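Remarks on the structure that follows.
The values are calculated or read from the model by the stated rules, or taken from the named source; none is laboratory data. None of the values given here were measured: they were computed from a predicted structure. So basically every Cβ, Gly included, is an ideal-geometry build from the backbone, and we count neighbours across all protein chains shown. Only protein heavy atoms, including side chains, enter the accessible area calculation; ligands, DNA and RNA are left aside. Shrake-Rupley method; radii C 1.70, N 1.55, O 1.52, S 1.80 Å.
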Amino acid sequence: APFTSTIAMKLLHLIFLLATILWRESIARPQFFVDGEKGNDANLGSLTEPFKTITRARDVVRIVTQNGTKVPFDGVVVNVRGGIYDMTSLPLELGKEDSGARGSPVDYTAWNNETVVLLAGKLLPPTAFKRAPEVGPEIYKVDLKGLGLTDYGDLGSGELGDCANDKMELFFNNEPMILAREPDISADGMWQWMQIEKVVNSSAFTFNCKNAGEWGNVSTLWVHGYWKFDWADNYVHVASFDASTCTVSTDPKTPVLYELTKDARFYALNLLHFLDSPYEYFIDRSQGMLYFYPPSSVENGKAVVSVGQYIVNGSGVSHVTIQGLHMFYARGTAIQFHDGTCNCFLIV
């Protein structure tokens, strides 16, 4: 009898497992498809009728999960087909209503390992680059305003733990270029510095300015330095510069981190006059003009300027997976999550 009872229990257990599997399979995991090239946001979001944008898929997921309150047992998946997606004007915003649940995540994933590229930048066509002999024989210029690009951002001071980066940046052949600076970075990649000779007061200092008399209009000038400690740096806008005494007066709106100290190292940046080495660029924000000293042919290169601040922003969202989506050219952090309840698995 005990033997028969054991067999019966095993059979019941097996039947339960099979019933569970069949039940799970009968409730298919909701999934949607996005195709930036062939899709349409008026479609159903199926493999044959995909959406065009990821944000449209997100909106439909909200309906399925009832704003994150009733997530299907196996979660939901958004399959993004291969291609290039312009996220500059329509980044993916995720809130609490976009959450999955424990063991039932909402997945945003590249379909079948296809290459998905999300961009927060704008490509500059090679034909937009014109010679700028008035600046230098190797310098090119691009009329950004003429291309419809009018938001250039600006430099930010930053502080410990905060880069405060909202400026337009230039990338060439997938590499970040250098905002025109003095002294230049050496050929071996080592940063070069100037040093404070005398601290005049809490917001002014002198240095060996040798050729600084040629700087001209310094209204766009900033300095980046380690003003007291070698682990604490920030950017400071220059209010005025006296070439006769080599005195820099800093803008009180962007104070130095900690305090100015003798021999502190710094470099100057963001003047057209500094544009004298390959890889460097400068943006004249008043005219909407980009100036660039390319390291190689602009006709055969790929130039991109950053436009969007981020590509994915999650606030209070949980149990979301992002997998296989390649993100490029954001001004700040391409993907950022905050105020969530953890369990946000980000695989980029």
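Quick check on residue 215: is it farther than 30 Å from residue 54 by Cβ, among the hydrophobic types (A, V, I, L, M, F, W, C) and without any contact (Cβ under 8 Å) to a residue 40 or more places away in the chain?
no
Being modelled with pLDDT under 95, open to solvent by less than 50 Å² (accessible area, probe 1.4 Å) and of a type in the set (Val, Ile, Thr) narrows it down to one of 78, 106, 116, so name that one.
106
Which count do you get for residues in the stretch 34-57 that are open to solvent by 80 Å² or more (accessible area, probe 1.4 Å) and β-branched (Val, Ile, Thr)?
1
What number of residues within the stretch 321-331 are more than 14 Å from the chain's Cα centre (by Cα) and crowded, with 23+ Cβ neighbours inside 10 Å?
Residues meeting the conditions: 1.
Going residue by residue through the stretch 300-312, is there one that turns out to be in contact (Cβ under 8 Å) with a residue 24 or more places away in the chain, more than 21 Å from the chain's Cα centre (by Cα), more than 29 Å from residue 218 (Cα to Cα) and surrounded by 18 or more Cβ atoms within 10 Å (Cβ to Cβ)?
No, every residue in the stretch 300-312 fails to be in contact (Cβ under 8 Å) with a residue 24 or more places away in the chain, more than 21 Å from the chain's Cα centre (by Cα), more than 29 Å from residue 218 (Cα to Cα) and surrounded by 18 or more Cβ atoms within 10 Å (Cβ to Cβ).
Since residue 290 meets every condition but one in (1) assigned to a loop (DSSP other than H, G, I, E, B); (2) surrounded by 15 or more Cβ atoms within 10 Å (Cβ to Cβ); (3) at pLDDT 95 or above, which condition does it not meet?
The single condition residue 290 does not satisfy is (1).
Given the stretch 163-221, what strands (runs of 3 or more DSSP E) lie entirely inside it while holding 2 or more residues that are surrounded by fewer than 16 Cβ atoms within 10 Å (Cβ to Cβ) and at pLDDT 95 or above?
Passing ranges, in order: 198-201.
Can you pull out the residues in the stretch 241-281 that are part of a strand (DSSP E or B) and either open to solvent by less than 10 Å² (accessible area, probe 1.4 Å) or in contact (Cβ under 8 Å) with a residue 24 or more places away in the chain (or both)?
241, 247, 248, 249, 250, 265, 266, 267, 268, 269, 280, 281, listed by residue number.
Within the stretch 58-75, which residues are open to solvent by 70 Å² or more (accessible area, probe 1.4 Å) and closer than 17 Å to residue 315 by Cβ?
Hit for the stretch 58-75 is 67, nothing else.
May I ask you to list pairs of residues, at least six apart or on different chains, whose Cβ atoms are under 7 Å apart, with the first in the stretch 114-129 being more than 16 Å from residue 311 (Cβ to Cβ) and the second being among the hydroxyl-bearing types (Ser, Thr, Tyr)?
129/140
Does residue 89 satisfy the condition of being more than 27 Å from the chain's Cα centre (by Cα), of a type in the set (Gly, Ala, Ser), surrounded by fewer than 16 Cβ atoms within 10 Å (Cβ to Cβ) and not in a helix (DSSP H, G or I)?
The answer is no for residue 89.
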